[in-house]
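The values are calculated or read from the model by the stated rules, or taken from the named source; none is laboratory data. All figures in this text were calculated on a predicted structure; none of them were measured in a lab. So basically every Cβ, Gly included, is an ideal-geometry build from the backbone, and we count neighbours across all protein chains shown. Only protein heavy atoms, including side chains, enter the accessible area calculation; ligands, DNA and RNA are left aside. Shrake-Rupley method; radii C 1.70, N 1.55, O 1.52, S 1.80 Å.
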Amino acid sequence: MADRVTVIGWDGSPLTAAARSALSAATLVAGAAHHLALPEVPPAAERLRLGSVALAARRIAGHRGTAVVIADGDPGFFGVVRTLRAPEFGLEVEVVPAVSSVAAAFARAGMPWDDAQVVVAHRRTLRRAVNVCRAHTKVAVLTSPGAGPAELGLLLEGVHRTFVVCEELGTGREHISVVTSDKAADHTWRDPNVVIVIGGTAAAAPQADSGWITGRAPDAGPRGWALPAEAYGGELGEGETELLRTAQLSRLGPRVGDLVWDIGCGSGAFATEAARAGAAVIAVDRALEACARTDATARRLGVQLQIVRGAAPHVLENLPEPDVVRVGGGGAAVVSAVADRRPQRIVTHAMTRDAAELIGRDLTEHGYRVECALLQSLELDTRAWTERERSVAFLLSGVWPERPA
């Protein structure tokens, strides 16, 4: 095992005294090509081109001598330190930090970033990174080959955002561009470090008690999984009662990085609440009035929704792949079309047992594990303790067994 391992962050500025001292004693130096070309790297030191960090960690673990790893930005922020410290390698490291590429990108843009979401986009995480960009008004995306501005723009089809593209930060070829998301695919980008994605509908009023946590404050907006009808302008549809929405949310569990379809969005109550959980949401309805009401609700509560007007199931054909789906209208035919897309979870409701059985059988035939519960609620007027409203519905949920729920 190496006698000493030092990780040096590099942001393009001159190396610190601590970094120069570590390099002068190094017998092995790992880094990208531009790192290994730095004049401070000892001529006699073994040079290791940093591709797979795991492979480099194994090589360092077997090295007898003093090792240095050079990485762009702050190596402790979505960087190599996590891999080097993994239990399978047993490496204890000293870190010489630098300004992170995210901090540098926002500095170039002249913007604060304590209220930004930060995500890493690889080929395997690109879709989830895009969903965060759909759901939030300010996101920094740390990119990689095959998951850069062009791919982000293509997957954001139908959602307008502005990209601040920061190419090769900290180098002599650094360049900052501002483009709209629909134009990003028209360019060839030089391995950008960071793309800042901004835009969308801001909250109607500043968040209370903001400025104490990075990203979107978890206590923004009113409390509760499912808000009362008054929050949505009054009377709601039969499938939008507060208790039914609460049960639907608990079955689907929308979260950051998910894409939720809300088909038959009605007033936008469920779509808004899924977005409040941090998920990206596409709200679908055939009625112009429902789309307008959903848009007004989202703006009032300060969440981001993509609203698509059209009749299901045909309108669903060109939508991006969902993680979880609520079917609020359309019955068995729409549920069947959704099941063909294999989301992780599907939830819907039926007003009769016969309708519930039909939907349940179809979900089972598609390979879903099906659960059904009869929900009955009775609202009382607590001034006189008399019955005010009664509702009954069958809640159905399908869980796809071959994917993690």
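In terms of its Cα atoms, the chain spans 84, 46, 42 Å along the principal axes, sorted from long to short. For THR246, the accessible area of its heavy atoms, probed at 1.4 Å with every protein chain present, is near 40 square angstrom. Looking at the range 306-405, which trypsin sites (Lys or Arg not before Pro) are in a loop (DSSP not H, G, I, E or B) and have at most 11 other Cβ atoms within 10 Å? Sites meeting the loop and neighbour criteria: ARG383. Shown here for the range 367-405: GluC sites (Glu not before Pro) in loop regions (DSSP other than H, G, I, E, B) with at most 14 other Cβ atoms within 10 Å, namely GLU402. Accessible surface of the range 296-352, 1.4 Å probe: 48 percent of it comes from carbon and sulfur atoms.
Each Cα pair under 8 Å and six or more residues apart adds its separation to the average, and for the range 292-392 the resulting relative contact order is 17 percent.
Could you order the peptides 192-198, 159-165 from most to least packed, using the average number of other C-beta atoms within 10 Å per residue?
Values: 192-198: 24.7, 159-165: 20.1.
The packing order, highest mean first, is 192-198, 159-165.
When +1 charges are put on Lys and Arg Cβ atoms and -1 charges on Asp and Glu Cβ atoms, the dipole computed for the range 57-101 relative to its Cα centre reaches about 220 debye. Relative intensity of the range 1-160 on a log10 scale, I(q)/I(0) at q = 0.13 Å⁻¹, equals -0.68, per a Debye sum over C-alpha point scatterers of equal strength in the absence of solvent. Beta bridges per DSSP, both residues in the chain: antiparallel share near 50 percent. Summing charges over neighbours of SER397, with a neighbour being any other residue whose Cβ is under 13 Å away from its Cβ, gives +3 when K and R count +1 and D and E count -1. With contacts taken as Cα pairs under 8 Å at a separation of at least 6 residues, the chain carries a relative contact order of 11 percent. Dipole check for the chain: with +1 at the C-beta of Lys and Arg, -1 at the C-beta of Asp and Glu, and the Cα centre as origin, the magnitude is about 840 Debye.
Pull out a ≥ b ≥ c, the square roots of the eigenvalues of the alpha-carbon gyration tensor of the range 158-307, then state rounded if a/c is under 1.5, prolate if not and a/b is larger than b/c, and oblate in the remaining case.
Values: a/c = 2.57, a/b = 1.93, b/c = 1.33.
Prolate is the answer for the range 158-307, as a/c is 1.5 or above and a/b outweighs b/c.
Across the range 248-264, rounded Karplus estimates of 3J(HN,Hα) from the backbone phi angles (6.51 cos²θ - 1.76 cosθ + 1.60, θ = phi - 60°) give 5, 4, 5, 6, 7, x, x, 8, 4, x, 7, 10, 10, 9, 10, 9, x Hz, Gly and Pro being marked x.
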